[in-house]
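Quick note: the coordinates plus some simple rules give every number you see, no bench work behind them. Everything numeric in this text was worked out from a predicted model, so none of it was measured. Backbone-built Cβ (ideal geometry, glycine too); neighbour counts: all protein chains shown.
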Amino acid sequence: MTILFTGPVGLIKEWLEVCAEHECIVYGRGMKKTVDAEVQTVHALDEAPHIDLVIDLHVRTSKKRRLILSDVLAEINSDAPVLCNTAAVTATELTARVGGADRIVGFAALPGLTTSDFAEVCFPYGAKHGHQEILTDFFAGIGKRMEVVRDEVGMVTPRMLAVMINEAVLVCQQDITGQESMDALLRVALPGGGPISWGHRIGWRNLYTILRAMHEELGGERYRPASLLKKMALSE
């Protein structure tokens, strides 16, 4: 399978490791950093070979992301599904902005989650699940079981992680305990490190984006980003 990646370099590198048995190409439009020299990078889509799958790893829905997805939908063969990171936006909203409701499939992609044995995907509201079999086989081939969840902002894993990390930051903000103690206390609940360690791994800007999107969409104080988390995001 030939896969075209777009998104932040750090997250692309994680997925290149997972997809090492496939032919991987990076679309370099708008990238400030470069991927490893041995990875093929194209700056115009007419330079790319036939693509079987597109994986868009952007977390934020910026103008640049919309332009890149518009390019992909217009120039990449129409039988290639487009997996889009929908940790901070619904697949329905994304397709309302760029089109491609018959090709775009949302999935949860954050730094550190490539180690999971599961892959969360969601389909835009009202869209046919035409690519489900292809994607099931793709994820199985990289050692993951695909789980289809409802198209809601935050999905499942990003929502639970963001809320837990936000609450941990709020506890530290209130001087109930320090960040190192918080990680030590909750290391059992979060394998691979406590909530503060996971916050650094995922990225405070990413977490702030997800929390703000959930707060706007769902309401509720539990989704409001802690002021300390906002400061950490702004200083990242």
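Mind pulling the angle between the C-alpha long axis of helix 204-218 and the longest principal axis of the chain? Nearest 10 degrees, somewhere in 0 to 90. Approximately 90 degrees, to the nearest ten.
Our estimate of slack between Thr136 and Glu21, defined as 0.36 nm per intervening residue step minus the Cα-Cα distance, is 39.7 nm.
Lys and Arg at +1, Asp and Glu at -1: add these up for the other residues within a Cβ distance under 14 Å of Gly100 and post the number.
Around Gly100, the surrounding residues sum to -1.
Counting charges near Glu21 (Lys, Arg +1; Asp, Glu -1) among other residues having Cβ under 14 Å from its Cβ returns a value of -3. Whole-Hz Karplus values for the stretch 174-180 come out as 8, 6, 6, 7, x, 5, 5 Hz, taken residue by residue from phi with 6.51 cos²θ - 1.76 cosθ + 1.60 and θ = phi - 60°; glycine and proline positions read x. With helices as the sole contributors, the chain gives -12500 deg cm²/dmol at 222 nm; each DSSP H run of n ≥ 4 counts as -39500 (n - 2.57), and the sum is divided by every residue. For the stretch 1-137, rounded, prolate or oblate, judged on the Cα gyration tensor with a ≥ b ≥ c (square roots of eigenvalues), a/c < 1.5 rounded, else prolate if a/b > b/c? Verdict is rounded for the stretch 1-137. On a per residue basis, the convex hull of the C-alpha atoms belonging to the stretch 157-234 measures out at 81 Å³. With Cα atoms as the point set, the radius of gyration and Dmax of the chain evaluate to 17.9, 56 Å.
On the basis of the beta-carbon distance and an R0 of 25 Å, Arg187 and Leu234 show a calculated FRET efficiency of 0.35.
Restricting the trypsin sites (Lys or Arg not before Pro) of the stretch 84-160 to loop positions (DSSP other than H, G, I, E, B) with no more than 12 neighbouring Cβ atoms within 10 Å leaves Lys128, Arg150.
If you add up the charges near Arg145, with Lys and Arg at +1 and Asp and Glu at -1, over every other residue whose beta carbon is less than 13 angstrom from its beta carbon, what do you get? Here the count lands on -3. For Ser62 and Asp117, the difference between the fully extended length at 0.36 nm per residue and the C-alpha to C-alpha distance is 16.9 nm.
Annotation: average projected area of the stretch 102-236 is 8.9 square nanometres, based on the convex hull of Cα atoms across all directions. Highest average first, the peptides 52-62, 79-89 ordered by how many other beta carbon atoms sit within 10 Å of their residues are 79-89, 52-62. Each residue, Ser227 and His200, gets one label point 7 Å from its Cα in the Cβ direction; the gap between the two is 2.5 nm. Rounded to the nearest whole Hz, the Karplus-based 3J(HN,Hα) values (6.51 cos²θ - 1.76 cosθ + 1.60, θ = phi - 60°) of the stretch 17-28 follow the sequence 5, 5, 9, 4, 7, 9, 7, 10, 10, 10, 8, x, with x at glycine and proline. The ranking of Cys172, Cys122 by Cβ neighbour count inside 10 Å, starting from the fewest, reads Cys172, Cys122.
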